[in-house]
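Derivation of every value follows stated rules applied to the coordinates shown; laboratory data play no part. Not measured: the values here are computed from a predicted model. Cβ atoms come from the backbone with ideal geometry, glycine included; neighbour counts cover every protein chain shown.
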Amino acid sequence: METPAPVLSIRDLSVSFRSGGVEVPAVRGVSLEVAAGRTVAVVGESGSGKSTTAAAINRLLPPGGRVTGGRILFEGRDLAELSEREMVRVRGAGIGLVPQDPMSNLNPLMRIGDQIAEALIVHGRAAGKAARARVVELLELVGIPDPARRADQYPHEFSGGMRQRALIAMGLACRPRLLIADEPTSALDVTVQRRILDQLDALTEEMGTSVVLITHDLGLAAERADTVAVMYRGEIVESGEAGRILAEPGHEYTRRLLDAAPSLSSTSLVKAAAPGPEARDLVEVRGLTKVFPVRGAGRGVTDRFTAVDGVAFTIPRGQTVSIVGESGSGKSTTANLLLGLERPTSGQVLFEGTDMAALGRRELFALRRRVQPVFQNPYASLDPRYTVARTVAEPLKVHRIGTAAERAKRVTELLDQVALPAEMAERLPHELSGGQRQRVAIARALALSPELVVLDEAVSALDVLVQAQILELLAELQRELGLSYLFISHDLAVVRMISHRVHVMREGRIVESGTPDRLFAAPESEYTRELLAAIPGAGLATA
Amino acid sequence: MTDLTRTAPIAVPATRRAGRLRAVLRSPSGVVGLVLVGLLTVAGLLSFTGLLPYDPVAQDPPNRLLSPSGEHLFGTDQFGRDVFSRVAAGVGSSVLISVVAVTLATVVGTLGGLVAGFFRGFTDTAIGGLTNVLFAFPPLLLALALASVFDRNWFTVAVAIAVVYAPIFVRVTRGPVLSLREIEYVKAATSTGQGRLSILFRHVLPNIGSIVIVQVTLSLSWAVLTEASLSFLGLGTPPPAASLGSMIFDARTLVEIAPWTMIAPGVAVVLLVVGLNLLGDGLRDALDPRNRGGRAR
């Protein structure tokens, strides 16, 4: 069988970054081939060098980075030997790029249509009316309704998903032979992600474009790509046909990734509630509603936005209740209401029968000991100027618990509970990894021995391996300390692993509730079914 | 969001809090600024200790308008006063006034910005309105009005300059405070029941510290200029006390016969302002986390 010459061929590529006068290698000896019309996925966790590899292809490495070895051949030409002018011609026309963040990659002051037309005009593909016609056609291709009108809108008038579509249209505008998609859908909700990737698949197939898909999600990679290359610490540890890698991973790291990746087939980390006397409910939420005033279209007009609409559920002692939903579903507002960070417009949060809204300042202060949060972003949830010890001890100090010595002892205990070595106590947040920071945030939440911990997307920003460890830690702490969790997440697979009861939220309302087993095996609402189908790799897991 | 998760992995340099000053010293502009400001401040301090070669206000008519020599380093002026001693005294009072003025402006302005940004609502509107009104006046005019209404002494001048600069601190701090009040560690502190004021001083203020410090160094150099302008216009420290602005004003008519009477105070103002600006630059580089670990740019 004769194989056609690859569109892109990377041979033994090495890239390093200068940091503080030291050369830090980011990519080491990476080789990769992309055949015409094929899709190759590069998978790895953050810092694995996957985005750096992509940037090196386009010669768009961030400052400080440079290629230290190897060659990148695009259609047989060595890209390193091209002059900057020739390179400009390759970018966009030969190699298209769909960047990661739809929020920052569009010029907010330019109409969407003009931004796409720019690519056409720069490469002399079209001008004037022809360019305009092509733009409308492209927007239609990527599935934007009413493209002629939409082309005249500005980025802020587009939703996240639509912006990403516009970026894809831009990447494909000049019919490039190769498209580099760097985490094209990571910032989007699963259902949107699925629709966009379907569209991308169809378009590249039709145009015969080769795709390099950069992602952290092994399931997604396997579902969308012909070939998968797994990167770890700057090296490709394994590559091969997508199906084979999933079925029989050859490298230790790939195996760990696969084990850690939560999927609908993963076993639950928690035991089903023991039958027998029904556990008393710690929290009961009744008809909870939160309305935010928003600036309306007209002058002086305030519109209302109902973020949470008549939500009711209970949290039994020692169990995990999850709320799943996409962005804008009102799940985080619900969490804030339970934490007392927002006041409900109507409805009640009853904590062991007492209405939180009816509490005086003192009583609320006392109640705060019993409800503690862990937030999503491990980089924003710790004060960068506080050492770990000071962060963990702070709640104790606020509540005037113990002497300094006793508090120090408690901090050591807490760090031990979250499996952090005692030496970490004197570190500052920037000296910790994401997973370690999240452990510190959990230790802080546990300091006051709360009964309820509100976990607002607490594992969503973590790499899969770390995520799996934190989930295990949470399950273990629940068993040991009898904690109740309110677990807020957009990730159904994670929710399934840790919950006793799941509520699916959409547009402020709970659309379906049930035990995870029931909900995932036999979803009743259309929306739940859609969410489940959108999980990357859902189809593969059962195979 | 995902950007934040990408910064950590490869080799986190374990530089601890220690090297702020060292970081300033690493940038050439920081070093030059530090040296200039240091030297001038030392010279200025001499005037408060009586260690100057001559009394800066003592007249000595027989020795007037002497050119620079070993005895009178920068020569003498039309009353026979030693120009070096007067410049040193002028730098001293200029530094004193600027430091007091900027300290007042920093405290008042930063507090205003903190309160406005953190509590929002009516306080924010009121403070915002007041800063807008103050911004509407040309700074020199405002200082001029204040300095002419009150008794003329160095403290009035300092207060006048502070009124001009405080609104800048309000503006500069309010924005970051707005974003910090929504950040997760502040939400976490609220959830533990920590009071609003306590959060403001424990978590918010320390984290806008670097912004304030950079603004302080910038304001210092502007304050030196404003002070010199005011005393040039006769609204600064009253004579016969030496001040850089009034020395330049007095030397206007003498430029041709005794240029040193203008050059010395003029160069002193320039060096002081340049020094403070360079120091500010160095500090900004040292405090900006994006510039950590290397002098890219």
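Quick one: 3J(HN,Hα) in Hz for the range A:219-235, Karplus 6.51/-1.76/1.60 with θ = phi - 60°, rounded, Gly and Pro as x.
Per-residue couplings from phi come out as x, 4, 4, 5, 6, 9, 10, 7, 10, 10, 10, 9, 9, 8, 6, x, 10 Hz.
Among DSSP bridges having both ends in chain A, what percentage is antiparallel? Round to the nearest 5.
Bridges in chain A are about 55 percent antiparallel.
Points 7 angstrom from Cα along the Cβ direction at A:T314 and B:S179: gap in nanometres?
Roughly 4.5 nm, to one decimal.
With θ taken as phi - 60° and the coefficients 6.51, -1.76 and 1.60, list the Karplus ³J(HN,Hα) couplings across the range A:68-82 in order, rounded to whole Hz; mark glycine and proline as x.
9, x, x, 10, 10, 9, 10, 6, x, 9, 6, 5, 5, 8, 6
How far is helix B:83-119 tilted off the main Cα axis of chain B, in degrees rounded to 10, range 0 to 90?
Helix B:83-119 sits roughly 20 degrees off the main axis of chain B.
Show the residues, 5+ positions off or on another chain, whose built amide H is closer than 5 Å to the amide H of A:E238.
A:V230
Can you tell me which lysines have their Cα less than 27 Å from the Cα of A:K129? Leave out same-chain residues fewer than eight positions away.
Of all the lysines, none pass the test against A:K129 - Cα under 27 Å, at least 8 places apart if same chain.
Suppose R0 equals 35 Å. What FRET efficiency, 1/(1 + (r/R0)^6) with r the Cβ-Cβ distance, do B:L141 and A:M103 give to the nearest 0.05?
On the way: r = 43 Å, r/R0 = 1.24.
The computed FRET efficiency comes out at 0.20.
Near A:R165, within a Cβ-to-Cβ distance under 11 Å, what is the net charge of the other residues, with Lys and Arg +1 and Asp and Glu -1?
Working: positive: A:R150, A:R163, A:R195; negative: A:E140.
Here the count lands on +2.
If you place +1 on the Cβ of every Lys and Arg and -1 on the Cβ of every Asp and Glu, how big does the dipole about the Cα centre of the range A:18-157 come out, in debye to the nearest 20?
240 debye
Expressed as a whole number of Å, what is the distance separating the alpha-carbon centroids of the range A:383-438 and the range B:60-91?
If we compute the Cα centre of each part, the gap is 63 Å.
Put +1 on the Cβ of each Lys and Arg and -1 on the Cβ of each Asp and Glu in the range B:39-291; which of B:P167, B:G234, B:F122 then has its Cα farthest toward the positive end of the dipole?
Result: B:F122, furthest along the dipole toward the positive end.
What does the charge dipole of the protein assembly as shown about its Cα centre add up to, to the nearest 20 debye, if the Cβ of each Lys and Arg holds +1 and the Cβ of each Asp and Glu holds -1?
1360 debye
Quick one, could you list the DSSP H helices from chain A stretching 15 Å or more along their long axis (Cα atoms) with average Kyte-Doolittle hydropathy of 1.0 or above?
A:112-122
Using Cα-Cα distances under 8 Å and only pairs 6 or more residues apart, what relative contact order does chain B have, in percent?
Relative contact order for chain B comes out at 26 percent.
Counting other C-beta atoms within 10 Å, which of A:L79, B:L134 has the fewest, and how do the rest follow?
Taking fewest neighbouring Cβ atoms as first place, the list is B:L134, A:L79.
Can you work out the FRET efficiency for the pair A:R244 and A:D12, with r the C-beta to C-beta distance and R0 = 22 Å, to the nearest 0.05?
Efficiency, from the Cβ-Cβ distance: 0.40.
If I take every Cα pair under 8 Å that is 6 or more residues apart in the range A:106-173, average their sequence separation and divide by the length, what percent do I get for the relative contact order?
Result for the range A:106-173 is 45 percent.
Could you list A:T403, B:T106 in order of exposure, starting from the residue whose Cβ has the fewest other Cβ atoms within 10 Å?
Listed from fewest to most nearby Cβ atoms, that is A:T403, B:T106.
What is the calculated FRET efficiency for B:V149 to A:R343, with r their C-beta to C-beta distance and R₀ = 41 Å, to the nearest 0.05?
0.30
Whose amide H sits under 5 Å from the amide H of A:V511, counting only residues 5 or more places off or on another chain, with H placed in the peptide plane?
The list, which skips near neighbours in sequence, is A:V504, A:M505, A:R506.
Taking +1 at the Cβ of each Lys and Arg and -1 at the Cβ of each Asp and Glu, which of A:S525, B:P56, A:G128 sits farthest along the dipole of the protein assembly as shown towards its positive end, judged by Cα position relative to the Cα centre?
Farthest towards the positive end: B:P56.
Hey, which lysines would be in cross-link range of A:K397, C-alpha to C-alpha under 23 Å, not counting anything within fewer than 8 residues on its own chain?
Those lysines meeting the cut-off are A:K409, B:K187.
For A:K290, which lysines qualify as cross-link partners when the Cα separation must be under 18 Å and same-chain residues fewer than eight apart are set aside?
A:K331
Using DSSP to define loop residues, name the GluC sites (Glu not before Pro) in the range A:1-53 whose beta-carbon has at most 11 other beta-carbon atoms within 10 Å.
Hits after loop and neighbour filter: A:E2.
Once label points are set 7 Å from the Cα along Cα→Cβ at both A:E413 and B:T253, what is their separation, rounded to one decimal in nm?
Inter-label distance under the simple model: 8.4 nm.
Give me the distance in nm between label points sitting 7 Å out from Cα along the Cα-to-Cβ direction at A:T68 and B:R26, one decimal.
Reported label-point gap for A:T68 and B:R26 is 2.0 nm.
Between A:A26 and residues 5 or more places away or on another chain, which pairs have amide H atoms under 5 Å apart, with H built 1.01 Å from N, and which residues are they?
So A:A26 has HN proximity to A:V15, A:S16, A:F17.
Before anything else, pin down the relative contact order of the range A:1-114: Cα pairs under 8 Å, at least 6 apart, normalised by residue count, whole percent.
28 percent
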